[in-house]
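Values quoted throughout were computed directly from the atomic coordinates according to the rules given, and no laboratory measurement underlies them. Because the structure is predicted, anything quoted here is derived from the model rather than measured. With ideal geometry, Cβ positions are generated from the backbone for all residues, glycine too; neighbour counts draw on all protein chains shown.
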Amino acid sequence: MGSLILPHLPSAWHVDQAILSEPDRLVVIRFGRVGDPDCLRQDDVLSKIAERVKNFAVIYLCDIDAVPEFNNMYELFDPMTIMFFYRNKQMMCDFGTGNNNKINWVLEDKQELIDITETIYKGARKGRGLVVSPKDYSTRYRY
């Protein structure tokens, strides 16, 4: 249901304009496939936090099959990826996973996602390109 509420970016031009047109807010883009179960679960969480983060972040969805131009540039090989941009610059966050460019797992906890978004926004406002996540995700998968 969340994928119906959030705005979709149908082309590479729309993605570029979304990133370029926000001078003061963080741009959060969920790259993925429309029918993928992980994307649907993540879209529900994103739609629930959209109203709470609207003062400092805007959330968009982008289908990697319809807009393949960014797949190699941002290494979008996972079924679902969340990326953050601020003033036409990709924001990175150290989650403890080794991949600082994006979130490529489903975050079911609304507050965790709000905290990450807020942390990245605060770091971006201070001119930082890399911030440390409020939670360490390196021990998420225990074997």
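Can you give the helix-only mean residue ellipticity at 222 nm for the chain, where every DSSP H stretch with n ≥ 4 adds -39500 (n - 2.57) and the sum goes over all residues, rounded to the nearest 500 deg cm²/dmol?
Details: 4 runs with 43 residues, N = 143.
Computed mean residue ellipticity for the chain: -9000 deg cm²/dmol.
For the chain, what is the per residue volume of the convex hull drawn over the alpha-carbon atoms, in cubic angstrom? Walk me through the numbers before you get to the answer.
Numbers: hull volume 15.1 nm³, N = 143.
That works out to 106 Å³ per residue.
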| remark: Bridge orientation stat for the chain from DSSP, antiparallel percent rounded to 5, came to 50
| task | Compute the distance in nm between two label points, each set 7 Å from the Cα along the Cα-to-Cβ direction, one at Thr119 and one at Asp136. | result | 1.2
| note | Among chymotrypsin sites (Phe, Trp or Tyr not before Pro) in the range 64-93, those in a DSSP loop whose Cβ has at most 14 other Cβ atoms within 10 Å are Phe77
| query | Using alpha-carbon positions, what is the distance between the centroids of the range 80-143 and the range 5-24, in Å? | reply | 20
| query | Among all the aspartates and glutamates, which ones have a C-alpha under 19 Å from Lys48's C-alpha, if same-chain residues fewer than 8 places away are not counted? | reply | Asp36, Asp38, Glu108, Asp109, Glu112, Asp115, Glu118
| task | Rank these for me by crowding, Val45, Val28, going from fewest to most other beta carbons within 10 Å. | result | Val45, Val28
